[in-house]
Amino acid sequence: MLNEEQEQRAYHHGNVKEALIDEAMKFIEADAIEQLSLRRLAREVGVTPSAVYNHFSDKNALMLAIKLRLYEEINHYFESHCQLGSDPEDNLLQICMAYYHYAEEYPARFQLMFTLRLPMEWSTPEFVEVSCRCLAATRKTVLDIYNKYQIPCGEEAVVNTTLLVWSQLHGIIALKNTGSIKAAVAYQDWPAPCALVNDEDVISLIGQHVTMTVNAILNAQHGDNH
């Protein structure tokens, strides 16, 4: 057990809650999240278990804090990597590229964001705002594309298009990261770039994805006019 002097020394080094989250992030990077517990975290940081429970009532509360940290990080990443301008199509491409590059630079964090499930009641207003910030920016960009071509649209069409952009982009990244498409290329005699092994091939496909999204918006309008 830690004595009071040791615990005070741990407190002195900074905010205990942030120190606990920092230490938990190390488990993520080491792909050892299943080994994480509140008591293990207390031991690694150098505080008593009671000090951990002062900040996190249980492991779900800790996981919520970790997900908040991850979403805050990806939001900062987008802000620093996207120089959004007046052309919404270019803005959409930048957003998609930033999403891909974040997944490449922080694969363990990216994976955890979409595999860690929490009870619905843990989705606080703060969590929803932070977790949806990039998605909201994408929705605005999609709406800007509709407006650029003066295409009438309802909220459902804008949100559905945004979800299609996100899900298809996420699928491209999953195919690249798992390497599952390489076997099809090898045994079905598909073109080599389709294996998504090289960064430039992935970037090219994402560019095609954005172009197809814009064309789908335009084609939907043409269909409505017939």
- Item | Within the stretch 74-95, backbone nitrogen closer than 13 Å to the virtual label 7 Å beyond the Cα of Q168 toward Cβ | 93
- Under 30 Å from the Cα of K176 - lysines, other chains or at least 8 residues apart: K26, K67, K140
- Task: Could you work out the relative contact order of the stretch 84-224, using alpha carbon pairs under 8 angstrom and six or more residues apart, expressed as a whole percent?
- Result: 28 percent
- Note on the structure: Hits in the stretch 94-108: amide N under 16 Å from the 7 Å Cα→Cβ extension of S123, namely none
- Item | Where N is the number of residues in the stretch 84-224, Cα Rg divided by 2.2 N^0.38 Å | 1.16
- Within the stretch 56-159, list the chymotrypsin sites (Phe, Trp or Tyr not before Pro) lying in a DSSP loop whose Cβ has at most 14 other Cβ atoms in a 10 Å radius. Y149
- Task: Return the calculated 222 nm mean residue ellipticity for the chain, to the nearest 500 deg cm²/dmol, obtained by summing -39500 (n - 2.57) across DSSP H runs with n ≥ 4 and dividing by the residue count.
- Result: -24000 deg cm²/dmol
- Message: Explain nothing, just the number: relative contact order of the stretch 32-143, from Cα pairs under 8 Å at least 6 residues apart, as a whole percent.
- Response: 28 percent
- Item | Cα centre as origin, Lys/Arg/Asp/Glu Cβ charges: the chain dipole, Debye | 420 debye
- Using alpha carbon centers only, the stretch 12-54 is separated from the stretch 74-147 by a whole-angstrom value of 27 Å
- Of the options G207, T162, Q111, report the single residue whose Cα projects farthest towards the positive end of the charge dipole of the chain (beta-carbon charges: Lys, Arg +1; Asp, Glu -1). Q111
- Message: Give me the one-decimal nm value for the distance between modelled label points at A220 and Q111, 7 Å along each residue's Cα-to-Cβ direction.
- Response: 3.4 nm
- Message: Given a 10 angstrom Cα cut-off, can you work out which residue in N15, N160, N75 is the most mobile in a GNM of the chain?
- Response: N15
- Item | Dipole magnitude (debye, nearest 20) for the stretch 73-113, charges at Cβ of Lys, Arg, Asp, Glu | 180 debye
- Taking the simple approach of a point 7 Å from Cα along Cα-to-Cβ for both N75 and C194, what is their distance in nm? 4.1 nm
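No value in this document is a laboratory result; all are computed from the given coordinates. These numbers come from a predicted model, not from an experiment. When we count neighbours, we look across all protein chains shown, and the Cβ atoms used for this are built from the backbone with ideal geometry, even at glycine.
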